[in-house]
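This report concerns only the one structure given below.
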Amino acid sequence: MAERGRSFIAWQWTPVEGATGYEAHAFPAGTAPSERPPLQLVAEPMFRAEGLEPGTSWGFFARAVRDTAGGRDVGPWSQIAMGETRAEPGGLELLAAVTGVQVAERGQHFIVWRWDPVEGASGYDVHAFRAGTPNSERPSLEFVTGPTFRKEGLEPGTAWEFFARAVRDTARGREVGPWSVGARRETWGEGEMWGEPRQCSDEREMALAFGTPWGPHRPVEAWDGEPIQVYFDEAAVRPEERGRVKEWFDGVERLSDVIQDQIGYSILELGGWIGKERRGFGMKTDRLSDCRPRRRQIVVTVVGWQDYASAHGSCGAVLMPRSELFDGWSGDGVVAHEIWHLLGFTHHRKSGHPWQTPEGEGVQMSLELTHPSRDDRQDLSVTYEDVDALRCIFPKSGG
């Protein structure tokens, strides 16, 4: 048995070499042979019986079929396989359908989908395939533990279909929810971009000037063409916060991919956890101290003395507030916003943000990144213009 629900059971089996199809026979357990339903022919080594009663047991046989010029050849029947539909809900609620499927990011060779989490799910089956692919040629389902999926190695300018469903593993087997509505999107075509690349002028000088009041922004000043490593301060994270902070790892990896996919080389890379002795700063009860930032290093830390996120240029640090750690004020877009400050960016002049720098100090980030999403923790809020400006601040050949 591959899957089951309240009203269905799905069986699958090993393909038989030379078979052109299979005869499948599913029937309620205990049904006399003379009263069993007719055989059904399927093209693939799988069969789904639908419209069943909750909490009922079913038997199943299958045999291989080969159509020839002389007629139909059949193989021997398989051993019986038993399955039981899920009973009416008692302690466990039925899994809901996946909703909110959307494309989070895309490039010439990848697409990232995300969707709303389903309560009670232990993971998700996902099915991504090139649009127009016949059912028999589509790739196998893939399993992910969280509500996001990245498909890599795609051809530029190709359309892809995507579906997802929730999964829950129980003592009685694997339960699945209904499939989502499909989401179709194309990879970027050859040479296709979100906008026109800017002509670089004084972006690097403005980025360096952005750190003037607090000392130089080390990541900009130290740029030599090698990627900047983004670390997370293990000493500052409590055990119960570790899982939440580790969710930011994925955001940094996606940032890195977005940058490299657009400009063709890497500026940021995920460094993982970093210990107290290597983070490059100390901590007082209300501030960072003894800043000794390492070259090509940004450290994201968690602090308890403020209820807002901020960047500390001379320490090369992003400060995330402990009090807001588990709500929208600490999503991937907020982390990206503060990293962009360390890369020499200031708020957009027309954003209405209360903190502004004098003209010429800092490259303007986009309106979207100035006010990152508070509703979606996985929304990076980074635009084409935000990435394009990095090319001018961090030239491929180094500073």
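Listing for the model above:
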quantity	calculated
Leading residue at positive end of dipole, the chain (Cβ point charges), from VAL258, LEU288, PHE163	LEU288
Kirkwood hydrodynamic radius over Cα pairs of the chain, then Stokes diffusion coefficient at 25 °C and 0.890 mPa s, in µm²/s	100
Net length gained if the chain between SER122 and PHE326 were fully extended (0.36 nm per residue, minus Cα distance)	71.4 nm
Histogram of C-alpha separations across the range 160-319, 10 Å bin width, %	9, 27, 28, 20, 13, 3, 0
Long-range HN-HN contacts of GLY123 with modeled amide H, under 5 Å	VAL167
Fraction of the pair-distance distribution of the range 338-386 above 18 Å, Cα-Cα pairs, percent	24
The range 225-314: translational diffusion in µm²/s, Stokes-Einstein, Kirkwood Rh over Cα pairs, 20 °C, 1.002 mPa s	152
Rotationally averaged projected area of the range 144-183 (alpha carbon convex hull; nm²)	3.8
Amide proton proximity set for GLY107, modelled H, under 5 Å, gap of 5+	TRP188
Lys, Arg +1 and Asp, Glu -1 on Cβ, resulting dipole of the range 196-276 about Cα centre, debye, nearest 20	320
Residue with peak Gaussian network fluctuation, the chain [Cα springs, cutoff 10 Å], from GLU234, GLU35, GLU221	GLU35
Helical contribution to [θ] at 222 nm, DSSP H n ≥ 4, -39,500 (n - 2.57), averaged over the chain, rounded to 500	-4000 deg cm²/dmol
Size of electric dipole in the range 7-72: Cβ of Lys, Arg +1 and of Asp, Glu -1, about Cα centre, debye, nearest 20	140
Per-residue HN-Hα couplings for the range 130-141 [Karplus 6.51, -1.76, 1.60; θ = phi - 60°; Hz; x = Gly/Pro]	5, 4, x, 5, x, 3, 5, 10, 6, x, 5, 5
Selected from GLU23, GLU361, GLU105 as most flexible by GNM, with the chain as the system and alpha-carbon contacts under 10 Å	GLU23
Whichever aspartates and glutamates have a C-alpha closer than 14 Å to that of LYS276, once near sequence neighbours (fewer than 8 apart) are set aside	ASP233, GLU234, ASP290
Antiparallel content of DSSP bridges confined to the chain, in %, to 5	75
For peptides 70-81, 222-233, 9-20, sequence by mean Cβ density within 10 Å, most packed first	222-233, 9-20, 70-81
Inter-site label distance for TYR308 and LEU141 at 7 Å from Cα along Cβ, in nm	4.7
Cα lying deepest toward the dipole's positive end in the chain, options ALA49, MET365, ALA183, charges on Cβ	ALA49
Cα centre as origin, Lys/Arg/Asp/Glu Cβ charges: the chain dipole, Debye	700
Translational diffusion coefficient (Stokes-Einstein; Kirkwood radius from C-alpha pairs) of the range 253-391 at 4 °C, 1.567 mPa s, in µm²/s	83
Alpha-carbon Rg/Rh ratio, for the range 18-69, with Rh computed the Kirkwood way	1.03
Cα-based Rg and Dmax for the range 1-147, where Dmax is the largest Cα-Cα distance (Å)	18.9, 58
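No lab work stands behind these numbers, since they all come straight from the coordinates. Because the structure is a prediction, the values reported are computed rather than measured. Note that each Cβ is placed from the backbone with ideal geometry, even for glycine, and that neighbours are counted across all protein chains shown.
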